[in-house]
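Down below is the structure, laid out as structure tokens.
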Amino acid sequence: MRRMSVSSIVSLATLAVAVLWWFVPESYPYGAASEVSVGFNHWVEREAGTALLAASGVLGLLVAPAQRSRPRLAAVGAAVQGAFFLLVMCDASVLASLGYAMIPAVVAGVVALVAIGVLRRRPVAYGAALVLVGGVVLALTLTDALPHYVAGLATGFGSFAERIAWSWAMAIAAVTWAWLAYRGLAQPEEAANPRWGRTVTILAALGGVPYAVARLSWATPWPLGGFDPRTGHVELLAQPGGDPATRLQGFMIGMSAVLAVVLTLGLISRWGEVFPRWVPRVGGRPVPVLLAVVPGAFAALALCVSAPGVLATAVQLGSWLDGVLFVLLFPCPVWGPLLGAAVLAYWRRRTTAVSVAVGAGQTSARR
């Protein structure tokens with residue numbers, strides 16, 4: 001029995017969702033009635049959204065059989081599908097949910113690094129451990145940061161879990177169609193180590209700096225602001241007397257942005273190719289290519305599918321200055337493609353180096 005293609009599966013799922021939205025009107029997650037307005041889908045009402053999704057499903061079913069007989073034409077159709085899901089159906093809920101979920105990962109990463117340093121008897125690690133323990137004690141003593149974060153996360157995901165799930169589903173559809181289009185249209189590249197790799201990697205790393213600076217400043221007496229949903233404006237200065245738990249939570253999200261900057265620079269650093277000696281068990285060994293490529297590609301895709309939502313939010317702010325400041329704070333439209341290009345350059349360089357090494361080894365063996 002012939003297996004059903006990926007494009008057919010996605011298309012049938014798309015038609016099923018369109019049927020659901022048509023017969024169960026309250027299941028439609030977008031439009032002006034939705035409390036979430038971080039995408040162009042906020043302006044797409046149920047009738048139009050259902051019609052567009054049904055048309056996408058039909059087009060997908062037409063594209064599927066053409067993948068074997070007319071692959072180039074099918075790739076163009078897949079590109080149209082990817083553009084539709086990316087520009088119309090995706091929104092910034094993907095990035096928002098990812099950002100808040102990163103806080104535990106950042107905390108665990110910092111604790112792990114400090115613990116490794118202590119076990120390796122690094123003097124700096126002992127000082128970092130004291131600062132870490134002292135910071136945790138102060139946070140638990142002076143603020144209700146942990147209960148505040150847990151309660152906020154539970155409330156947010158409890159209220160918007162269904163909406164976030166729809167955002168991720170549309171993002172998966174967009175990425176799937178984009179991948180099918182890439183497979184059909186991409187040409188093999190001869191350049192193993194593109195000259196632009198280092199430049200785009202540095203630019204991609206800079207993409208997270210504005211947000212990191214704004215959020216890290218919340219731990220200082222001079223906090224910088226961001227988008228305030230209550231006023232609908234981008235505030236340059238946060239309230240000095242703001243809730244300590246909220247400011248601590250913002251600081252931790254800023255640490256996620258710092259981690260993103262550091263890991264991006266790792267794509268052009270020595271430690272991004274070989275584990276540092278102080279890392280237990282794997283120190284001095286080559287970093288598996290996919291260990292860097294998979295999370296890097298995932299982050300780039302999350303930024304790309306959130307880009308239309310960032311632009312839509314900037315438009316809804318009303319003031320052109322607020323819109324510009326918002327895009328500077330969340331530069332997803334350029335940050336995502338730059339990070340994707342940086343990951344691609346890293347993958348080409350590493351895989352080509354491995355191929356060359358294997359080829360040289362086989363030549364030596366023949367001799």
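The values are calculated or read from the model by the stated rules, or taken from the named source; none is laboratory data. From a predicted model like this one, the values you see are computed outputs, not experimental measurements. As a convention, Cβ positions derive from the backbone with ideal geometry for all residues, glycine included, and neighbour counts pool all protein chains shown.
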Query raised in the report: Is it true that residue 99 is modelled with pLDDT of 85 or more, closer than 25 Å to residue 336 by Cβ and surrounded by 14 or more Cβ atoms within 10 Å (Cβ to Cβ)?
Result: no
Query raised in the report: How many residues are of a type in the set (A, V, I, L, M, F, W, C), surrounded by fewer than 17 Cβ atoms within 10 Å (Cβ to Cβ) and part of a helix (DSSP H, G or I) when one looks only at segment 32-51?
Result: 3
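Residue-wise test of (1) surrounded by 16 or more Cβ atoms within 10 Å (Cβ to Cβ); (2) modelled with pLDDT under 90; (3) closer than 28 Å to residue 349 by Cα; (4) more than 16 Å from the chain's Cα centre (by Cα).
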position: 255; (1), (2), (3), (4): yes, yes, no, no
position: 267; (1), (2), (3), (4): yes, no, yes, yes
position: 270; (1), (2), (3), (4): no, no, yes, yes
position: 283; (1), (2), (3), (4): no, yes, yes, yes
position: 301; (1), (2), (3), (4): yes, no, yes, no
position: 304; (1), (2), (3), (4): yes, no, yes, no
position: 308; (1), (2), (3), (4): yes, no, no, no
position: 322; (1), (2), (3), (4): yes, yes, no, yes
position: 325; (1), (2), (3), (4): yes, yes, no, yes
Requested in this report: Name every residue in segment 254-296 that is touching a Pro at 6+ places or on another chain (Cβ under 8 Å) and outside any loop (DSSP other than H, G, I, E, B), in order of residue number.
Outcome: 263, 274
Query raised in the report: Out of 140, 153, which single residue is in contact with a helix residue (DSSP H, G or I) (Cβ under 8 Å, 6 or more places away or on another chain), part of a helix (DSSP H, G or I), over 23 Å from residue 92 (Cα atoms) and at pLDDT below 70?
Result: 140
Query raised in the report: When you go through (1) under 25 Å from the mean Cα position of the chain (by Cα); (2) modelled with pLDDT under 90 one by one for residue 81, which number turns out not to apply?
Result: (2)
Query - Top-ranked residue of segment 18-38 - restricted to ones that are β-branched (Val, Ile, Thr) and over 25 Å from the mean Cα position of the chain (by Cα), ranked as nearest to residue 60 (Cα to Cα) - result: 19
Query raised in the report: Taking segment 327-339 as the search range and keeping residues that are touching a Leu at 6+ places or on another chain (Cβ under 9 Å) and of a type in the set (A, V, I, L, M, F, W, C), which one is surrounded by the most Cβ atoms within 10 Å (Cβ to Cβ)?
Result: 339
**Report entry** Criterion: in contact with a Ser or Thr (Cβ under 9 Å, 6 or more places away or on another chain), over 28 Å from residue 318 (Cα atoms) and crowded, with 21+ Cβ neighbours inside 10 Å - qualifying residue of 93, 56
**Finding:** 56
Query raised in the report: Would it be correct to say that residue 6 is of a type in the set (A, V, I, L, M, F, W, C), touching a residue at least 60 places away in the same chain (Cβ under 8 Å) and in contact with a Phe, Trp or Tyr (Cβ under 8 Å, 6 or more places away or on another chain)?
Result: no
